[in-house]
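A.B. asks: One structure follows; several queries about it will come next.
The values are calculated or read from the model by the stated rules, or taken from the named source; none is laboratory data. Here the structure is a predicted model, which is why all the values come from computation and not from measurement. Every residue, glycine among them, receives a Cβ derived from its backbone with ideal geometry; neighbour counts consider all protein chains shown.
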Amino acid sequence: MSKITDSAEGMDCRLRLPGVCNGNPDTTVWAHSNRIAHGKGRSLKAHDPFGCYACYDCHAVYDRQRNRPAGMTLIFVELEFDRAMAESQAILIDRGMWDGVTIPERATKRPARSRKIAVVGLSALQRMASR
């Protein structure tokens with residue numbers, strides 16, 4: 001976990017989706033953006049500064065793990081996320097946790113070592129083609 005994601009502990013929800021927000025700071029987490037422009041990709045979360053403080057229930061609706069209340073559009077949720085992200089980023093800047101510009105690099109995993117045994121010589125397909 002990073003200092004940004006850790007900073008969510010005890011924070012108020014900034015997403016505050018009407019009819020969804022539980023208002024309990026004990027459930028607040030750092031909700032990463034779901035947008036490719038913010039670094040989101042297959043099995044990759046967005047870069048840490050691109051997110052907001054969200055209670056468990058608002059986060060579940062934003063991540064589509066829970067249905068939106070009747071009448072609440074996806075566009076509304078995305079616009080509310082943009083507002084919440086701006087508020088949360090201002091908090092990060094105020095606390096000196098982000099400069100407002102730099103995108104922190106992701107920790108990279110060491111490449112896995114191959115367990116394949118090197119084979120010397122031609123493959124069966126190469127031998128057939130050379131005949």
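A.B. asks: What pairs come out if I take residues in segment 24-51 that are under 21 Å from Met11 (Cα atoms) and pair them with residues that are hydroxyl-bearing (Ser, Thr, Tyr) and not in a loop (DSSP other than H, G, I, E, B) whose C-beta lies under 6 Å away, six or more apart or interchain?
C.D. replies: Thr27/Tyr56; Thr28/Tyr53; Trp30/Thr5; Ala31/Tyr62
A.B. asks: Within segment 66-82, which residues are part of a helix (DSSP H, G or I) and either in contact (Cβ under 8 Å) with a residue 12 or more places away in the chain or touching a helix residue (DSSP H, G or I) at 6+ places or on another chain (Cβ under 7 Å) (or both)?
C.D. replies: Val77, Glu80, Phe81
A.B. asks: Looking for something at pLDDT 95 or above, in a loop (DSSP other than H, G, I, E, B) and of a type in the set (Ser, Thr, Tyr) - is there at least one such residue anywhere in segment 47-65?
C.D. replies: Scanning segment 47-65, I find no residue that is at pLDDT 95 or above, in a loop (DSSP other than H, G, I, E, B) and of a type in the set (Ser, Thr, Tyr), so the answer is no.
A.B. asks: Can you tell me which of Ser2, Ser88, Ser33, Ser43 is within 16 Å of the chain's Cα centre (by Cα) and at positive phi?
C.D. replies: Ser43
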